[in-house]
Structure formats: C-alpha cells, structure tokens
Amino acid sequence: MSETENAAVEAGAGTTDAAAAGTPLVGTALVVAVTVITLWLGLLAWLAFNTDASEVAWSRLLVVLGSVEAVAFAAIGALFGTTVQRQRVADLAARTEAAESRANANETAALNGHRLAAAVQASRAPSSGSDTEQLSAERRSGQDPLLELANRLFPD
C-alpha cells in the first residue's frame, strides 16, 4: 500500500460520515439529492421549450440554472461517490485484514526464531568445568556453525 493510501486509511479511520463509512445516501440526504437533480432536469426541459423569453429573462434564468446546476452536480457526485467509495472501503478493509494476518504470522515466526536460537545457544554453548573430552576438531576449536549463526542473528 502506498504512503498516500496509508495516510488516507489512517486519516479516515475515525470518520463517521456516509462516504467514509461506505454507506449509501439514505433518508433526507437521498430525498434532497433526488429533488435537486429533478429540479435541475425540469429547469433544463423548461428552458429548452420556453424559447420566447426576452434576453433579460434568459440572462436571469441562466444564472438560476448555473446555481441549480452546481448543486445538482454535487448531488450526483454524492450519489455516485458513495457507491464508488463503498467498494474502495471494502477493498481496503480486505487488504488491512490480510496485512494483519501476515503481521501476526511474522510475529509468531519471529518468536519461534528467538526460541530456537535460545535452545541452540543453551544446548551448544561450551560448558565450563566439564571433564568430557571433545572428539570433533570443530568442537575443539570452538567453531560450531549453528551456534555462531544463532549468536550472530540473536546476540542477546
């Protein structure tokens, strides 16, 4: 995940508005959006058929149309945006879940590695005061590759 997506996920983690939560517009917001879009379409149709108005009336109607059009485009964006955002939120939730499961698996593997290193270090460490004879030349020189690897990876 890119840093921008990480920042977006972290920034949106505590938000509760409809777009961030991935829920569609409902209730009053849906009614207002549909009403504004219908008003805009109705005004466009009326302007298309009412061509006999004076130039002053047309200028005023176009100013009204521009205002209604801006709000209608915002309503259309809200309707379509929640649908797109819902899919993105679902995708990000799935990616987050997968990343958390990988992190848990890596944490378990690291813990097991530490335990294995401790066991190797405990079982292969040279004992002081031992009367047993070392038969291997490797052991005599103190060179145990597994012990050296464990000591190098986990120098505790």
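The values are calculated or read from the model by the stated rules, or taken from the named source; none is laboratory data. Just so you know, these numbers come straight off a predicted model, no measurement behind them. Reconstructed Cβ throughout: ideal geometry from the backbone, glycine too, with neighbour counts over all protein chains shown. Heavy atoms of the whole protein, side chains included, go into the accessibility calculation; ligands, DNA and RNA do not. Shrake-Rupley method; radii C 1.70, N 1.55, O 1.52, S 1.80 Å.
Overview of results
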| item | result |
| --- | --- |
| Condition met for T96 (touching a helix residue (DSSP H, G or I) at 6+ places or on another chain (Cβ under 8 Å), surrounded by 11 or more Cβ atoms within 10 Å (Cβ to Cβ), polar (S, T, N, Q) and at pLDDT below 85) | no |
| Residue pairs meeting the criteria (Cβ under 6 Å; at least 6 apart or on separate chains; first closer than 20 Å to L147 by Cβ, in region 102-125; second modelled with pLDDT under 90 and open to solvent by 60 Å² or more (accessible area, probe 1.4 Å)) | V120/L146 |
| Test set (1) under 26 Å from G27 (Cα atoms); (2) free of Cβ contacts under 8 Å to residues at least 12 places away in the same chain; (3) over 33 Å from the mean Cα position of the chain (by Cα) - G77 fails condition number | (3) |
| Where A137 falls short, out of the listed (1) of a type outside the set (D, E, K, R); (2) within 41 Å of the chain's Cα centre (by Cα); (3) modelled with pLDDT under 80 | (2) |
| Whichever residue in region 107-134 is in contact with a helix residue (DSSP H, G or I) (Cβ under 8 Å, 6 or more places away or on another chain) and not small (G, A, S) and, among such residues, is modelled with the highest pLDDT | L116 |
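Quick grid of which residues meet (1) assigned to a helix (DSSP H, G or I); (2) open to solvent by 80 Å² or more (accessible area, probe 1.4 Å):
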residue: L41; (1), (2): yes, yes
residue: D52; (1), (2): no, yes
residue: L62; (1), (2): yes, yes
residue: A75; (1), (2): yes, no
residue: R88; (1), (2): yes, yes
residue: A103; (1), (2): yes, no
